[in-house]
Amino acid sequence: MPYVSTRSWRLAPPGPRGGQVGGSGRSLSRRAIVEASRFRHAGGERETQIEQIDIKNYRLFKRVTLSDLRPLVVVVGANGAGKSTLFDVFSFLKDALTQNVASAVAKRGGFRSLVSRGHNGPIEITIKFRESGGRLATYMLRVGLDGATTRPVVERELLRYRRGQYGKPWHFLDFSRGSGNAITNEAAYGQADAKEQREEYKLESPDVLAIKGLGQFEKFRVVAEFRSLIENWHISDFHISEARPSAEAGFAEHLSTRGDNVAQVAQYLYEQHSDRFDLVLKSMRDRVPGIRDVKAKSTDDGRLVLQFRDGTFQDPFIARYVSDGTIKMFAYLILLNDPKPHPLLAIEEPENQLYPDLLHELSEEFRNYARRGGQVFASTHSPDFVNGVKLDEVFWLVKEDGFSTAYRASKHELLVKLLREGDSLGALWKQGFLGKTAP
Ligand SMILES: Nc1ncnc2c1ncn2[C@@H]1O[C@H](COP(=O)(O)OP(=O)(O)OP(=O)(O)O)[C@@H](O)[C@H]1O
Ligand SMILES: [Mg+2]
């Protein structure tokens, strides 16, 4: 299961009070992890959706909120307005979880270059999720420097759930610098008159996330689910050059972030989900002139190569000789037809290399993916792409005095009025309506 991290994480010896993480907490069985990783996506029904993101002191986001997020979120803005930085916030959380906070910060040039210029931090990221059961979850991570060692540490980490509008939220986790407490009676959550029971725990290091440390134990199922949700985020870093060469023959169910296993995933879809593969093929035939068929073919030396058959010629072209846009469209279709969508898919500038007429359909495909259970974030510079998008799906970022603010297109009264009168969003954008007036 590529989705599931099988690495186990050691927790420090029991803390001062309770601290049974290493003792009585049974490790999650493989089946339980798989169950958790599915995050109840199997039925295709959305279980979780990010509703709001708050960012403080992260590069040019001194203080930014994106609220009322839809299943499809499209971010526009001038060069340097912060689109890539927003996507990097997702990567940062994932890196902090899979590695630790110190290495996630180091990878980005160190704390001083990551924190907003002229500020000392702390960096704070808050994500609010809504689950279909009605629970509202808030995850907050605050990262600062340890005074003595100047090493980045978790100043505070909080995972809170609230059932219904008015219920008192439960803090499933509340940690600071490697120690804190967690709820030990998760199963009672939501029951009438149930009270939280907590225990203190110590993590192995102040830069490790508690969702990682505790998320491997069966008794912290909610935490494990949350951990697995972030682990399954797909933040695309697709490189055409890596999708072209033949790949080691092997098995892969999901496209990698860089796209280098596209042949393996194509073979998996062809063999295990032929209905999905047929959809990919049909879209390729409709969109790329001449394309009749695409196959992942094993070579004598045990590799796998993608072959594209053109209607005109007898012999197919191997991936190395087809156009950039052909490879990219194929990889997107493989990604978007994943039978088990990622809970979050983030794609930067999907329009690159693609013929403008195709972008409207591509945005529709993104929305379909979102409907099947994964939330999609895309950034774009393309009016054609935006034409396929609804107004309440669009945010635009504006950088002023060195820092960015996020605006919602649907709160822009003039835009709403002009769209109602029949203008297209892409055309209005080109005329300068986005970003000109703050809503
Ligand atoms: N620590 C920091 N504090 C303030 N601003 C920063 C910091 N680090 C980087 N920046 C600024 O953030 C911006 C990075 O923006 P980003 O790459 O997210 O833009 P973008 O919207 O993706 O642009 P493009 O359309 O060109 O890809 C740069 O303009 C850079 O000057
Ligand atoms: Mg960018």
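FYI, it's all coordinate maths here, none of it is from the lab. Please read these numbers as outputs of a predicted model, since none were measured by experiment. Please note: Cβ atoms are built from the backbone with ideal geometry, for glycine as well, and neighbour counts cover all protein chains shown.
What to note about this one:
- Packing-based exposure ordering (other Cβ within 10 Å, fewest first) of His119, His254, His360: His119, His360, His254
- Placing one equal scatterer on every Cα of region 165-207 and applying the Debye formula, the log10 ratio I(q)/I(0) at q = 0.29 Å⁻¹ is -0.99.
- Taking 22 Å as the straight-line reach from the Cα of Lys399, the lysines in range (excluding those fewer than 8 positions away in the same chain) are Lys56, Lys62, Lys83, Lys411, Lys430, Lys436.
- Share of Cα-Cα pairs in the chain lying beyond 40 Å, as whole percent: 23 percent
- Proximal lysines relative to Lys168, as straight alpha-carbon distance under 17 Å, when same-chain residues fewer than 8 apart are discounted: Lys128, Lys195
- Long-range amide H partners of Val74 with built H, under 5 Å: Ala378, Val394, Phe395
- In Hz, Karplus ³J(HN,Hα) per residue of region 115-127 (6.51, -1.76, 1.60; θ = phi - 60°; x = Gly, Pro): 6, 4, 3, x, 10, 9, x, x, 7, 9, 10, 10, 10
- Sorted into 10 angstrom bins from 0, the C-alpha pair distances of region 235-389 split as 11, 43, 37, 9, 0 percent.
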